[in-house]
Amino acid sequence: MKIIYLTFSFLLIFTGVVSQDKPAYILYTSKGKKTSFKRVVEQAKKADCILFGEYHDNPITHWLQLELTNVIASTNLVLGFEMFESDQQRILDLYLAGKLDEKQFKDSCRLWPNYDTDYKPLLDLAKSKNLACVATNVKRKYASLLFKKGRAALDTLTEIEKNQFAPLDFVIDSTLSQYRSVREMGGHEMGGNMMEAQAFKDATMAMHIVKYLNLNFQFIHFNGAFHSDYHQGILWYLKKEKPNAKTLTITTVTQVEMDKLDKENLQKADFIICVSESMTRTH
């Protein structure tokens, strides 16, 4: 009887410990069904293009980006970064080729404050596996110029400069919910300009991705979640040029309670990384 009692007591203690576990994240499908990293990998391997939407300061997302890239890495894989602007491509190439050391690269490149913790590991992986990396974002000063003075202000640039971003006749579907929210955020006076600048970035990032898809490379792109949530933004422009491309979207959300995906987070992407709201930030 004593042995039975002790065993029962142990089970109660063990159950209590397990019930108090706090997972750092839970993976969901677009419909809110819990899934696994293995399933994400299976789908990623089949995709021509993976858009990995992040919260820039979320360590779980950055870790999963690195893990997924490492698993699917092949000589056919290309990495693309919103965090590098297209005029920085040559610097990026020289660094990956070993022609610039770490200090030279950092001194020459406009790096985000979380580069060391969040993006350097991806570049290190690319270097170790000889993978190409692409600076996909439009140069900040060009996006700012368009925001302030409109597309016509960019028409005076040289052809070399224009080749770094999307053609200036890019269209905008202003009915898309993401662009509507940007326009509303900017208010009556600046909303239209903000939407134009956002679309300019999305169209430019899609343009760079399409170049590699046309060469039959597989592409994984790292961008702020807003740029690909609800299969809009970058993906809208990508599908306009490559309607038959097999794409996969991943996004990041945070919730206080993670056992069930909040209604507003459903359908945001093919896979949704739900992270605890209390998770430590990288910057």
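Quick notes on this one:
- In the range 57-104, of all residues being part of a helix (DSSP H, G or I) and among the β-branched types (Val, Ile, Thr), the one that is farthest from residue 212 (Cα to Cα) corresponds to 60.
- Each residue in the range 249-269 was checked for being under 16 Å from the mean Cα position of the chain (by Cα) and surrounded by fewer than 20 Cβ atoms within 10 Å (Cβ to Cβ), and 1 pass.
- Within the span defined as the range 109-127, every residue fails to be touching a Cys at 6+ places or on another chain (Cβ under 8 Å), over 23 Å from residue 249 (Cα atoms) and of a type in the set (A, V, I, L, M, F, W, C).
- Hey, residue 98 over 22 Å from residue 206 (Cα atoms), in contact (Cβ under 8 Å) with a residue 24 or more places away in the chain and small (Gly, Ala, Ser) or not: yes
- Qualifying residue in the range 79-89 (condition: surrounded by 18 or more Cβ atoms within 10 Å (Cβ to Cβ), over 30 Å from residue 256 (Cβ atoms), of a type in the set (S, T, N, Q) and touching a His at 6+ places or on another chain (Cβ under 9 Å)): yes
- Test: residue in the range 50-66 that is farther than 17 Å from residue 116 by Cα, surrounded by fewer than 16 Cβ atoms within 10 Å (Cβ to Cβ) and modelled with pLDDT of 95 or more: no
- Any hit, the range 172-184, residues being of a type in the set (Lys, Arg) and closer than 25 Å to residue 78 by Cα: no
- Each residue in the range 233-248 was checked for being surrounded by 20 or more Cβ atoms within 10 Å (Cβ to Cβ), outside any strand (DSSP E or B) and more than 12 Å from the chain's Cα centre (by Cα), and 3 of them qualify.
- Being farther than 26 Å from residue 232 by Cβ, modelled with pLDDT of 95 or more and β-branched (Val, Ile, Thr) holds for only one residue in 117, 136, and it is 117.
- Pair list, Cβ under 7 Å, 6 or more apart: the range 215-226 residue farther than 18 Å from residue 268 by Cβ and modelled with pLDDT of 95 or more, other residue outside any strand (DSSP E or B) and of a type in the set (S, T, N, Q): 217/76; 218/76; 220/69
- Among residues of the range 230-283 being charged (D, E, K, R) and touching a helix residue (DSSP H, G or I) at 6+ places or on another chain (Cβ under 6 Å), the one that is nearest to residue 172 (Cα to Cα) is 241.
- Boolean, residue 89 is in contact with a Lys or Arg (Cβ under 7 Å, 6 or more places away or on another chain) and either in contact (Cβ under 8 Å) with a residue 60 or more places away in the chain or at negative phi (or both): no
- Taken over the range 216-230, the residue count meeting the criterion of being surrounded by fewer than 21 Cβ atoms within 10 Å (Cβ to Cβ) and either hydroxyl-bearing (Ser, Thr, Tyr) or more than 22 Å from residue 70 (Cα to Cα) (or both) is 2.
The values are calculated or read from the model by the stated rules, or taken from the named source; none is laboratory data. Given the structure is predicted, the values throughout are model-derived calculations rather than measurements. Positions of Cβ are generated from backbone atoms using ideal geometry, with glycine treated the same way; all protein chains shown enter the neighbour counts.
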